[in-house]
């Protein structure tokens, strides 16, 4: 089920005159997470850092996400940018440019962070919140990430631009980023913007533990190396190590498969699987589908 990203509320006094009541759209928590998730996805595409803050139409913080290795003060700065964008109904770059032009008394305003990187979040021309980003590689990149979050939300809530369907932002990694990910094994896309899949650039140097993903199916595409994988059977010494994730020392029974370059395997959710033997380096894409 698609999460509700905006809600409509009635304001005013009930009565015989319709002018006494009006309605407005408000940003929900799922919507705030979607805005932030799109900005995080763009940051990962650009291989940069940042703190992303999303506020409601009153400037109140709803959601904040800090990418690893972003400086700690970024949380307060990004929140200030988001609040300024929504309360003053303009991107914060506008105010930074005005101050650079000589109108320095503006810096005395309350709840005012005139630094590039804050953008209003709109639905059908109505401002429902704001997004602020701090700690990317540059002020322009701060704004680019904020715009990516805002635009993705507008696209999702307006029904998209193709056949009436919502169009989430496109994710892209260049060859160097992909090679770097496979060098150590890393998550390329974590699905945090509300999509029901993740993409891992996986690398194995040796055998692993038996695993069961109770919520995710694994689609495996081998790029290099060979491995013996056991599927099915019963996990030995199985323990729950996280949300719907089980690990064990091995598998009793099950079916053995040899995986090599070019092979594809789908491991349905709830199916035990174990990389029993690996000829390193063994690299493979995993698309996790929920």
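The values are calculated or read from the model by the stated rules, or taken from the named source; none is laboratory data. Remember, predicted model here, so these are calculated numbers, not experimental data. Quick reminder, even Gly has a Cβ in these numbers, built from the backbone with ideal geometry, and neighbours come from all protein chains shown.
Quick notes on this one:
- Here residue 193 clears all of (1) surrounded by fewer than 16 Cβ atoms within 10 Å (Cβ to Cβ); (2) at pLDDT below 85 except the condition numbered (1).
- Criterion (touching a strand residue (DSSP E or B) at 6+ places or on another chain (Cβ under 6 Å), assigned to a helix (DSSP H, G or I) and in the same structural domain as residue 151 (by TED's automatic domain parsing)) met by exactly one of 36, 41, 53: 36
- Selection status of residue 281, in contact with a helix residue (DSSP H, G or I) (Cβ under 9 Å, 6 or more places away or on another chain) and farther than 21 Å from residue 41 by Cα: yes
- Residues within the range 118-140 that are at pLDDT 95 or above, touching a strand residue (DSSP E or B) at 6+ places or on another chain (Cβ under 8 Å) and either over 19 Å from residue 26 (Cβ atoms) or part of a loop (DSSP other than H, G, I, E, B) (or both), tallied: 4
- Only a single item in (1) touching a helix residue (DSSP H, G or I) at 6+ places or on another chain (Cβ under 9 Å); (2) over 19 Å from residue 288 (Cα atoms); (3) at pLDDT 90 or above is not met by residue 202, and it is number (2).
- Positions within the range 261-280 being more than 26 Å from the chain's Cα centre (by Cα) and not in a strand (DSSP E or B), in sequence order: 261, 262, 263, 271, 272
- Residue count for the range 47-65, restricted to those that are touching a residue at least 40 places away in the same chain (Cβ under 8 Å) and more than 24 Å from residue 196 (Cβ to Cβ): 10
- Screening the candidates 226, 258, 283, 240 for the property of being at pLDDT 95 or above, loosely packed, with under 13 Cβ neighbours inside 10 Å and not in a loop (DSSP other than H, G, I, E, B) yields one hit, 258.
- Search result, residues across the range 139-152 that are more than 17 Å from the chain's Cα centre (by Cα) and within 13 Å of residue 74 (Cα to Cα): 139
- Residue within the range 85-108 that is assigned by TED's automatic domain parsing to the domain that holds residue 135, in a loop (DSSP other than H, G, I, E, B) and crowded, with 19+ Cβ neighbours inside 10 Å present: yes
- When restricted to residues that are at pLDDT 90 or above and surrounded by fewer than 14 Cβ atoms within 10 Å (Cβ to Cβ), the range 150-179 contains 4.
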